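To keep things clear, I will list the structure first and then write my remarks on it.
The values are calculated or read from the model by the stated rules, or taken from the named source; none is laboratory data. Please read all numbers here as calculations on a predicted model, not as lab measurements. Reconstructed Cβ throughout: ideal geometry from the backbone, glycine too, with neighbour counts over all protein chains shown. Remember, those area values only see protein heavy atoms, side chains included, never the ligands or the DNA or RNA. Shrake-Rupley method; radii C 1.70, N 1.55, O 1.52, S 1.80 Å.
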Amino acid sequence: FYRPLISVFMLSDYLISGTNAIAFHITNVVFLLIAAIFLFHICLHLQKTCTNNDSLTFPFAASMLFALYPLHPEAVSWITGRVDAIVTAFYLASVWFYMRWRAGQSNVVWTVLTFVCALMSKEMAVTIPVVFGLYEICFTLGKKDGQNGKDGNESQNGKNTDSRSWPAVLQALGKTGPFWVLLAVYFGVRYMSLGTLVGGYDDSLTFISNWPNFIGGWLHGLRMLLVPINRTLIGDHNAFTIAWEVSIGL
């Protein structure tokens, strides 16, 4: 693993409270709260982009659901679980700063800094440029044409500028180019430091030794995401569990 920022926070907490867990616990709670706050702003930004609605109800509900979700306490109560809380905070921060940068409301430096901090926290941050690309495709293509009162099919000089065309898509994705360069630098630094590009438990992105176990693990994770209930404590056939599953199905 290559997570130097986690070591920095571990050392900082130790210098504050030694072997007393209070500083470690406070840091974990703070990063969960930071992640929830950035999620609130992301939802608010998307809501304004899609509907021009300034209501705080949906963003607040989404951020509270995230902060209080039954699967998330482990990242707070288990000291090393902070890896997920910290990377999520920087991950969501980079997404929000990217949105603000693309809207002309922020400097790209903040996006770069939070992206780098996320990479220094956990490997899952390598997916951030992909999220930026999806944001460009889903929320920015055709936006300028719509704001200018055009129909998105032709420009002033009569050429086709359909926002769904490949040139438009490539142009939008080109905005994410600097972050792919940063990602390449990250892989280079990681390789020079540890001798591997990927690392982790099996040092591979593609090698799956046991496909049934792999698929079963993902299906179990998906079920836990939708039904975040401690089956050892409550059980699969508890009335509350069944009612929850029925409501999800409906």
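Things to note:
- A crude spin-label estimate for the pair L250 and A103, with each label 7 Å from Cα along the Cβ direction, gives 3.5 nm.
- Shown here for segment 54-112: chymotrypsin sites (Phe, Trp or Tyr not before Pro) in loop regions (DSSP other than H, G, I, E, B) with at most 14 other Cβ atoms within 10 Å, namely W78.
- Segment 1-57 shape via C-alpha gyration tensor axes, a/c threshold 1.5: prolate
- A61 paired with W211, simple spin-label distance in nm, labels 7 Å along Cα-to-beta-carbon: 4.1 nm
- Fluctuation leader among D84, D54, D13 - the chain, Gaussian network, Cα springs under 10 angstrom: D54
- Rg/Rg_ref, the chain, where Rg_ref = 2.2 N^0.38 Å and atoms are Cα: 1.19
- Among F240, I229, V185 the positive-end extreme of the charge dipole of the chain (Cβ point charges): V185
- Accessible surface ranking for T111, T196, T57, T19, 1.4 angstrom probe, highest first: T19, T57, T196, T111.
- Surface listing: W166, W244 arranged by accessible area from highest to lowest gives W166, W244, probe 1.4 Å.
- Ordered by solvent-accessible area of protein heavy atoms (1.4 Å probe), largest first, the residues I16, I86, I208, I248 come out as I16, I248, I208, I86.
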